[in-house]
Amino acid sequence: MSDLFKKYNVQGPRYTSYPTVPYWEISPDQNQWIKLLGEELKISKQAGRGAAIYIHIPFCESLCTYCGCHKRITKKHELSKPYIEAVQQEWQNYKDRLGISKIDVSELHLGGGTPTFMTPDELKQLLEPIISDFDLVEGYEFSFEADPRVTNYEHLKALAELGFKRISFGIQDFDPKVQEIVNRIQSEEEVARLTEDARELGYDSINYDLIYGLPLQTQDSIKRTIGFVSELKPDRIAFYSYAHVPWISPAQRRYTEDDLPKGEEKRQLYELGRKMLEDAGYHEIGMDHFALENDSLWQAVEGKTLFRNFMGYMPKHVSPMIGLGVSSIGDSWTAFAQNEKDLDKYQQLAAAGEIPIFRGHVLSQEDLILRKHILNLMTRGYTDWQQNDRFTEFLLQLDENLIEFSNDNLIERAKNSITVTDKGRAFIRNICMAFDARLQRKRPDTQMFSKTI
Ligand SMILES: C[S@@+](CC[C@H](N)C(=O)[O-])C[C@H]1O[C@@H](n2cnc3c(N)ncnc32)[C@H](O)[C@@H]1O
Ligand code: SF4
């Protein structure tokens, strides 16, 4: 395996979308975006599905130096009020332009940044009017991200009253040395107490975010973290590979590359965590995720309905996705649209009645086909193609792209399909890259993505 880790440890996307953001070409304008969104809403309604709504709250009180998310570090809580007004205005702009007063919804996700930067009352003020416009589809799910350091019982209670049943706690690592170097100190007791509170309040799905590959992490720190996590038994675990992208997140330069476990050493941290989680009753899901047997994510794996988008893995196909808030990404299935990343500009545009898009991409026929294959690989470790898929020139050259993976026993080939082997799971991003026509045609000439291992 050692040689394989060296061979395949190259920069590569994480495929939360295809095409990946750096390869987006022509953005839809506001009218086109609304038209495509309206079409997908109709398709979704006919299929008995609802839309996904993502709301981004960018504020965090302090900077975790590893963080690659879009956030604004501030202690000024007075920023919340104008932000709430802007998000509500943006929602109104969508309704006006789509010509609707109600919308079928199956997912609401509150992410960040840190949603619980806002007070429980502010969260209610933000969400109540938006939720009142939802026609909820059976089996709907409301979820949010909670930083244990700034989340209290009142937050959990307020959001439970609004219908939230899923919660995702940011944990990352419990080792004090690791916590110090990444500037994120939080105790095991704090997390245990909040987990207990959440269960008491009726949250029926709890997720923990962990990261492997952080500075100063060792086999011992992983043992401590996963050992404690296994005792608390969250329903799901995201065990993310640390993305080292200091050209995008300069705070990652506060530690040196020498502090980082890399290549095979990094992968061994994952393998240790995986073994411990499997021993504790978890199943590996897609890439870097785990779930208990009774969790809907594992049931989705068994029922072959697992889906993935910008919000991560979910049990079934949900589309379209409307992203509200600064930097949020929307997905109409045929196009992507990302909001302004600058807070002031975002707020001004929303107030002016605009849909505050700053970039996006309208998918070509080829993009739509390749998106399907990459999604299959990321969710099922398998994909197949029919003769009529062949009209994409690109699929004709696939054989050539896949030979190396077959030779290294990372995939099993049949005439028109591939299956990722157990050995190949560590290289799933590399395998997806073989289907990424845009990347194959123009390899990045600067640093663009994190390393695949
Ligand atoms: C928006 S943050 C979580 C919410 C909340 N702000 C918190 O920290 O608890 C989403 C997750 O992204 C993951 N993440 C952030 N930066 C990362 C990086 N550089 N590499 C891998 N995962 C990262 C972390 O696991 C984090 O919990
Ligand atoms: S990990 Fe969470 S709390 Fe830390 S900086 Fe990133 S978004 Fe903010």
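Bear in mind these aren't lab numbers, they're just calculated from the coordinates by the rules spelled out. This is a predicted model, so every value here is computed, not measured. Every residue, glycine among them, receives a Cβ derived from its backbone with ideal geometry; neighbour counts consider all protein chains shown.
State yes or no: is L216 in contact (Cβ under 8 Å) with a residue 40 or more places away in the chain, in contact with an Asp or Glu (Cβ under 6 Å, 6 or more places away or on another chain) and either more than 30 Å from T256 (Cα to Cα) or not acidic (D, E) (or both)? Yes; evaluated as a whole, the condition is true for this residue. Only one of the listed residues (P246, P176) is without any contact (Cβ under 8 Å) to a residue 40 or more places away in the chain and within 15 Å of ligand 1 (Cβ to nearest atom). That residue is P246. Selection over region 285-333 of residues that are among the aromatic types (F, W, Y) and over 12 Å from the mean Cα position of the chain (by Cα) gives a count of 3.
Of all residue pairs spaced 6 or more apart or on separate chains, those with beta-carbon atoms under 6 Å, a first member in region 90-106 that is buried (at least 20 other Cβ atoms within 10 Å of the Cβ) and a second member that is of a type in the set (S, T, Y) are S106/Y140.
Based on what the data block shows, is S205 under 21 Å from the mean Cα position of the chain (by Cα), away from ligand 2 (no atom under 16 Å from the Cβ) and among the small types (G, A, S)? So S205 fits the description; yes.
Taking D147, is it surrounded by fewer than 18 Cβ atoms within 10 Å (Cβ to Cβ) and either in contact with a strand residue (DSSP E or B) (Cβ under 9 Å, 6 or more places away or on another chain) or not polar (S, T, N, Q) (or both)? Here the answer is no, as D147 does not meet what is asked. Looking at the structure I just gave you, is A51 out of contact with any Ser or Thr (no Cβ under 9 Å at 6 or more places or on another chain), in contact (Cβ under 8 Å) with a residue 40 or more places away in the chain and small (G, A, S)? In short, no. When region 141-182 is limited to residues that are within 16 Å of ligand 2 (Cβ to nearest atom) and among the aromatic types (F, W, Y), the one that is farthest from the chain's Cα centre (by Cα) turns out to be F174.
Would you call K75 in a helix (DSSP H, G or I) and among the charged types (D, E, K, R)? When the stated conditions are applied, K75 does not pass them.
Restricted to region 354-453, the set of strands (runs of 3 or more DSSP E) holding at least 2 residues that are of a type in the set (A, V, I, L, M) and either surrounded by fewer than 19 Cβ atoms within 10 Å (Cβ to Cβ) or more than 16 Å from ligand 1 (Cβ to nearest atom) (or both) comprises 357-362, 411-414, 417-420.
Exactly one residue out of S17, S27, S62 is within 12 Å of ligand 1 (Cβ to nearest atom) and not β-branched (V, I, T), and it is S62. Looking across region 62-82, the residues that are over 13 Å from V182 (Cβ atoms), near ligand 2 (Cβ under 8 Å from one of its atoms) and either within 18 Å of the chain's Cα centre (by Cα) or charged (D, E, K, R) (or both) come down to C69, K71. Only one of the listed residues (I248, I237) is part of a strand (DSSP E or B), under 24 Å from the mean Cα position of the chain (by Cα), farther than 20 Å from E264 by Cβ and not basic (K, R). That residue is I237.
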